[in-house]
Amino acid sequence: AARAFAAGVRDADARQVRVVDERPSTFYDFSGGDAYYIGNGRCSVGFAVAGGFVTAGHCGRPGQAVSGRNRAAMGSFAASSFPGDDYAWVRTNADWTGKPAVNTYQGAAVAVRGSSEAPIGAAVCRSGSTTGWRCGYILAKNQAVRYVEGVVSGLTRTDACAEPGDSGGPWVAGNQAQGVTSGGAGNCTFGGVTFFQPVDDILSAYGLRLTTA
């Protein structure tokens, strides 16, 4: 005979179920390095901040809508600067909650506890929705890079690789946020050079508060 699968529910309990007027919705969370989409394009979340997340400016323009890794509506660009700088922040909707963490794509996340700047020579790692978790060293700071769209100044140079789609993703030194991926040369098959926009520049420019563990 068929039976109910809700263990421990008596008939009397079942008769007390009420239908309510509220319409529940599903909620999602996001971490640094997760994919997000701008139309048919894809970038990576940088770091969660109060109200949304920071990312690369070349990923989108103010007012442009974004969807999350699951293609659910996520929010829109609140502000963006590129070229000159390469930073932006996305204001997320009420369905999404930012986590103070970076997705390593290796089963564990790195908690974000602050944004103390690492010196030249320090080891850094980055996360991105194309190539996952990659590490290297800081080679130089305050670099000016000439992209097709124009020059971006104030970038940090590293020897960690990245590829298209990793843009906007987070860089960390230990548990300290460092920046978001801007661009570079090479790839993760043969190696390359990648630049990031320091995160404190973004927080200062837009008056944002980093979400920390």
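The values are calculated or read from the model by the stated rules, or taken from the named source; none is laboratory data. If you're wondering where the values come from, they're calculated on a predicted model, not measured in any experiment. No Cβ is skipped: glycine too gets one built from the backbone with ideal geometry, and neighbour counts run over all protein chains shown.
Annotations for the structure displayed:
- When restricted to residues that are of a type in the set (D, E, K, R) and either modelled with pLDDT of 95 or more or under 15 Å from the mean Cα position of the chain (by Cα) (or both), the range 18-53 contains 3.
Yes/no matrix, rows are residues, columns are (1) under 24 Å from Gly84 (Cβ atoms); (2) free of Cβ contacts under 8 Å to residues at least 24 places away in the same chain; (3) surrounded by fewer than 18 Cβ atoms within 10 Å (Cβ to Cβ):
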{"site": "Ala108", "(1), (2), (3)": "no, yes, yes"}
{"site": "Gly150", "(1), (2), (3)": "yes, no, yes"}
{"site": "Ala177", "(1), (2), (3)": "yes, no, no"}
{"site": "Gln197", "(1), (2), (3)": "yes, no, no"}
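- Test for Gly154: is it over 26 Å from Ala108 (Cα atoms), in a strand (DSSP E or B), small (Gly, Ala, Ser) and in contact with a helix residue (DSSP H, G or I) (Cβ under 7 Å, 6 or more places away or on another chain): yes
- Residues that are exposed (fewer than 15 other Cβ atoms within 10 Å of the Cβ) and assigned to a loop (DSSP other than H, G, I, E, B), drawn from the range 111-120: Ser116, Pro119, Ile120
- Among residues of the range 113-133 that are more than 24 Å from Phe30 (Cβ to Cβ), those with a Cβ under 7 angstrom from a residue that is among the basic types (Lys, Arg), sequence gap 6+ or separate chain, pair up as Ile120/Lys141.
- Each residue in the range 73-84 was checked for being touching a Ser or Thr at 6+ places or on another chain (Cβ under 8 Å), within 16 Å of Phe53 (Cβ to Cβ) and surrounded by fewer than 18 Cβ atoms within 10 Å (Cβ to Cβ), and 1 pass.
- Qualifying residues in the range 121-144 (those that are hydroxyl-bearing (Ser, Thr, Tyr) and farther than 12 Å from Phe196 by Cβ) - the one surrounded by the fewest Cβ atoms within 10 Å (Cβ to Cβ): Tyr137
- Residues being modelled with pLDDT of 95 or more, closer than 25 Å to Trp133 by Cα and among the hydroxyl-bearing types (Ser, Thr, Tyr) are represented in the range 87-96 by at least one member.
- Comparison of Gly192, Gly186, Gly169 shows that the only residue that is in the same structural domain as Ser116 (by TED's automatic domain parsing) and touching a residue at least 60 places away in the same chain (Cβ under 8 Å) is Gly169.
- When each of Val66, Val49, Val54, Val45 is tested for being in contact (Cβ under 8 Å) with a residue 24 or more places away in the chain, in contact with a Pro (Cβ under 8 Å, 6 or more places away or on another chain) and either crowded, with 24+ Cβ neighbours inside 10 Å or not polar (S, T, N, Q) (or both), the lone residue that passes is Val45.
- In the range 121-135, the condition of being of a type outside the set (Phe, Trp, Tyr) and closer than 18 Å to Ala79 by Cβ is met by no residue.
- All positions within the range 157-189 that are in a loop (DSSP other than H, G, I, E, B) and either touching a His at 6+ places or on another chain (Cβ under 8 Å) or modelled with pLDDT under 95 (or both): Ser167
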